[in-house]
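Single-structure report; data block below.
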Amino acid sequence: MLRKVLVLGGTGFVGRHVCEKLARLGVGLTVPTRRRRNAGSLATLPALDLIETDVHDSARLAALLPGHDAVVNLVAILQGDEAAFERTHVQLPEKLVRACQPAGVRRVVHISALGADLRNPAGLPSMYLRSKSRGEQVLHQADLALTLIRPSVIFGAEDRFLNTFADLQRIAPFVPLAGAQARLQPVWVEDVAAAVVACLSGPYERDSVGQIYEAFGPEVYTLAELVQLAGRISGVAQGRGRPVLPLPPALAWLQARLMELMPGEPLLSRDNLQSLSVPNVATGLHPGLQALGITTASLQVVAPTYLGHRGWRSPLMARRQGR
């Protein structure tokens, strides 16, 4: 019986949904965080221990493991240099493996990325995808009861995806767009969280060990279509959205480079652009979330429930104000 789970990255976008679902099942949770103030509403969940610590510190990570039945690893970054991706996506899984063994914890659910390939990381075009794949290799080669979940881009009420596209159109007359023809199959955050829970409890718990699941929604879009959809749903320009101007490769590369030079986390990096060159859609090589009993939600059904209802204090506005 599942009694207590350590959730790495539990204060993040996906992690909060995972914690809420596990807490409703009566599962005890430990959520480490660098800053307690990042926890938000998680602090009110029953049977949740919020611990201020650095999980990248091997000794501190090892101290967290005893007494847990399973670990969920959601720690990830989208931006950074080679060293940052290596530290987050490869070295942290290595430290987790070393911490799990003496603690007797074997059950691990790891959130990776659609487009990762544990057989050939070097053949992938971006630091993000290569590091995600090497992290999968580290866990796959260890003596763990492992499940890998590879989501496409994740959307939901607090995302930095559709919300950002909508916000851009509120402040710009048109959207010059790099990677406009990139193909994506967005998946709702609630469905990804439900998949994590299904792997840890219920009728799919045993069968999910050793599996790789691809988490994707029912529709495939180009990036340009998603930008236009976000504008229309959020009511920009009386529901028409702004014109999208696809950029040729050279200008797309220049746009990404200029965004990297701006203060704060860039909206787009050259590495993001490289990742977009790989179709972010179901491959058919691994089961989808239907294999876990989940019927994935349509973006066009879910997105209208939150786009356009957040007021002017949006994620992008907060970023522009340095918060």
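What to note about this one:
- Taking residues in segment 236-255 that are β-branched (Val, Ile, Thr), and partners anywhere that are part of a loop (DSSP other than H, G, I, E, B), the pairs with Cβ atoms closer than 7 Å and at least 6 places apart or on different chains are Val236/Arg242; Val244/Ala180.
- Ala23 being touching a residue at least 24 places away in the same chain (Cβ under 8 Å), small (Gly, Ala, Ser) and touching a strand residue (DSSP E or B) at 6+ places or on another chain (Cβ under 7 Å): yes
- Any hit, segment 59-71, residues being within 18 Å of the chain's Cα centre (by Cα) and either not small (Gly, Ala, Ser) or not assigned by TED's automatic domain parsing to the domain that holds Arg130 (or both): yes
- Residue satisfying all of: in segment 249-294; among the small types (Gly, Ala, Ser), in the same structural domain as Leu168 (by TED's automatic domain parsing) and assigned to a helix (DSSP H, G or I); nearest to Val192 (Cα to Cα) among these: Ser275
- Residue in segment 240-248 that is basic (Lys, Arg), within 30 Å of Glu136 (Cα to Cα), outside the structural domain of Val196 (by TED's automatic domain parsing) and modelled with pLDDT of 95 or more present: no
- Any chance Glu214 is within 25 Å of Leu78 (Cβ to Cβ) and free of Cβ contacts under 8 Å to residues at least 12 places away in the same chain: no
- When segment 216-236 is filtered for residues that are touching a Gly at 6+ places or on another chain (Cβ under 7 Å) and either outside any loop (DSSP other than H, G, I, E, B) or over 30 Å from Leu144 (Cα atoms) (or both), the ones remaining, listed by number, are Leu223, Gln228, Gly231, Arg232, Ile233, Ser234, Gly235.
- When segment 109-138 is filtered for residues that are basic (Lys, Arg) and under 21 Å from Leu273 (Cβ atoms), the ones remaining, listed by number, are Arg130, Lys132, Arg134.
- Filtering segment 287-321 to residues that are surrounded by 15 or more Cβ atoms within 10 Å (Cβ to Cβ), at pLDDT below 50 and under 21 Å from the mean Cα position of the chain (by Cα) leaves Ser314, Pro315, Leu316, Arg319.
The values are calculated or read from the model by the stated rules, or taken from the named source; none is laboratory data. Treat the numbers as computed from the prediction; the structure is a model and nothing was measured. Neighbour counts are summed over all protein chains in view; Cβ atoms, including those assigned to glycine, are modelled from backbone coordinates with ideal geometry.
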